[in-house]
1. So, of the residues in the range 128-151 that are surrounded by fewer than 20 Cβ atoms within 10 Å (Cβ to Cβ) and hydrophobic (A, V, I, L, M, F, W, C), which turns out to be farthest from Asn9 (Cα to Cα)?
2. State yes or no: is Ala302 out of contact with any strand residue (DSSP E or B) (no Cβ under 6 Å at 6 or more places or on another chain) and either modelled with pLDDT of 95 or more or closer than 29 Å to Lys187 by Cα (or both)?
3. With buried (at least 18 other Cβ atoms within 10 Å of the Cβ), assigned to a loop (DSSP other than H, G, I, E, B) and hydrophobic (A, V, I, L, M, F, W, C) as the only criterion, which of Ile200, Ile222, Ile243 stands out?
4. Out of curiosity, is Thr181 touching a residue at least 40 places away in the same chain (Cβ under 8 Å), loosely packed, with under 15 Cβ neighbours inside 10 Å and β-branched (Val, Ile, Thr)?
5. Restricting attention to helices (runs of 4 or more DSSP H) lying wholly within the range 36-139, give those where 1 or more residues are closer than 21 Å to Ser346 by Cβ and in contact (Cβ under 8 Å) with a residue 24 or more places away in the chain.
6. For the range 247-340, give me every one of the helices (runs of 4 or more DSSP H) that falls completely inside it and has 2 or more residues that are of a type in the set (Lys, Arg).
7. Read through the list (1) among the aliphatic types (A, V, I, L, M); (2) within 16 Å of the chain's Cα centre (by Cα); (3) modelled with pLDDT under 90; (4) over 18 Å from Pro352 (Cα atoms), then give the number of the only condition that Ala16 fails.
8. On the given criteria, is Lys190 closer than 30 Å to Ile363 by Cβ, modelled with pLDDT under 90 and not hydroxyl-bearing (Ser, Thr, Tyr)?
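The values are calculated or read from the model by the stated rules, or taken from the named source; none is laboratory data. Just so we're clear, the structure is a prediction, and the values are computed from it rather than from any experiment. Positions of Cβ are generated from backbone atoms using ideal geometry, with glycine treated the same way; all protein chains shown enter the neighbour counts.
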Amino acid sequence: MFAQYKSKNVAVLTAANFVSGFMFFLPILALYYQGIVGSVQNVALVFATFSASIVLFEIPTGAIADLFGRRKTMIAGWALWFPALIILYYAQSLEGLLAFAILDGFSESLISGADRALLYDTLKADNQEHLHKKALGTYWASWPLGATFGAIIGGYLAQINLQTTISATLVTVVVATAIITLIKEPKYHKEENNNFFKHIKSSLLFVKSNRQVTLLFIGGMILWSVGESIHNLKPIFFEFKNIELIFFGYIMGIGMGLSSLGHYISHAVSDKFGNKRTLIFCTIMMGLGAILASYTPSLISAAFLLVGSLFFGIKNTIEEHLINIEIPSSKRATVLSLQSFVNHFSIVIVTPLFGALADLYSINTAVEISGYLAITATIAYIFIKKS
């Protein structure tokens, strides 16, 4: 699988990402939050705080990665994940969960942007840019693949104690952090001027002036905001549909597996049908899946949501690849961090509204409305370049 790549970075990144997917608490995280804070709106607030933390730190950490090295920035991010989970384990109040969300968001922001920039520039340095979409798909497929097994195991661990899922995850964090230290910094063009604020400003101007990147940012923002709102509160939705807790791990595991498959086959599907047409088709199918899930009972509704995971994986790889093609190496981590900033800023706005809508009406109604909103992202994708 990795023999075609000249650098070991692709294999190391993928291995670390796979191990980090063993987050055993994911199937029950929303329920774990709800057991501490009560209302769905408060649960949504914790998820929104995580995104708000990323919004706050994303752009500065992206600039740091571009100016001072992606490898160091990534290692720092992975190392901070351990104390964040310690806080989650001992949290007994809304304030404790918010503290976890903030540190977890900071950790994520150090990794986000730097990892994808390092991957692309590794291939560019080896004159293997043509393999980027495939390498990116494999890299992104690795996390949900690990999460597939983690979710199934986590479903059983949750039967013992919800906190057991968190303590077990601490082991995988140590292993993943050890693996990522094996990464090597590839050669890439750095700006001669290391002025932090000028670098951020020039990256912002680049995004503003590039129509292709702007349209991809807009489409991604819509899908991430509604998609993550649904994803984060899936356990509550499943509970509403009278699905037993023992099935949560299997459902989440299958969803992660389909996401992994979507990322992995994305390059083959898009090469056959075209990037633009595939993006539009996947977006429509993601929205329809959520809508149909709201109208169907029990495990059938879960199946419709799971199908959306497959199309998300396909869409996500294509979108990221098209953005990377446009970005100069000197700004890559910062622009990718800007993308994450936009996505998470939208999550900060939409997730509390989603939670409030669920409390006011029902989680089912919130999922249905989110499906219709997801389909509106096709408007942005209609205007991107075909190739």
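1. Of all residues in the range 128-151, those surrounded by fewer than 20 Cβ atoms within 10 Å (Cβ to Cβ) come to 128-131, 149.
Narrowing further to those that are hydrophobic (A, V, I, L, M, F, W, C): 131, 149.
Numbers: Leu131: 14, Phe149: 24 Å.
If we take residues in the range 128-151 being surrounded by fewer than 20 Cβ atoms within 10 Å (Cβ to Cβ) and hydrophobic (A, V, I, L, M, F, W, C), then Phe149 is farthest from Asn9 (Cα to Cα).
2. Values: out of contact with any strand residue (DSSP E or B) (no Cβ under 6 Å at 6 or more places or on another chain): yes; either modelled with pLDDT of 95 or more or closer than 29 Å to Lys187 by Cα (or both): no.
Considered against the rule, which asks whether it is out of contact with any strand residue (DSSP E or B) (no Cβ under 6 Å at 6 or more places or on another chain) and either modelled with pLDDT of 95 or more or closer than 29 Å to Lys187 by Cα (or both), Ala302 comes out as no.
3. Numbers: Ile200 fails: assigned to a loop (DSSP other than H, G, I, E, B); Ile222 fails: assigned to a loop (DSSP other than H, G, I, E, B).
Among Ile200, Ile222, Ile243, only Ile243 is buried (at least 18 other Cβ atoms within 10 Å of the Cβ), assigned to a loop (DSSP other than H, G, I, E, B) and hydrophobic (A, V, I, L, M, F, W, C).
4. Against the criterion (touching a residue at least 40 places away in the same chain (Cβ under 8 Å), loosely packed, with under 15 Cβ neighbours inside 10 Å and β-branched (Val, Ile, Thr)), Thr181 qualifies.
5. Values: elements: 40-68, 70-90, 94-111, 114-125.
Per the criteria, 40-68, 94-111, 114-125.
6. Details: elements: 248-273, 275-295, 298-326.
In the range 247-340, the matching helices (runs of 4 or more DSSP H) lie at 275-295.
7. The failed condition is (3).
8. Working: closer than 30 Å to Ile363 by Cβ: no; modelled with pLDDT under 90: yes; not hydroxyl-bearing (Ser, Thr, Tyr): yes.
Taking the combined requirement at face value, the residue does not satisfy it.
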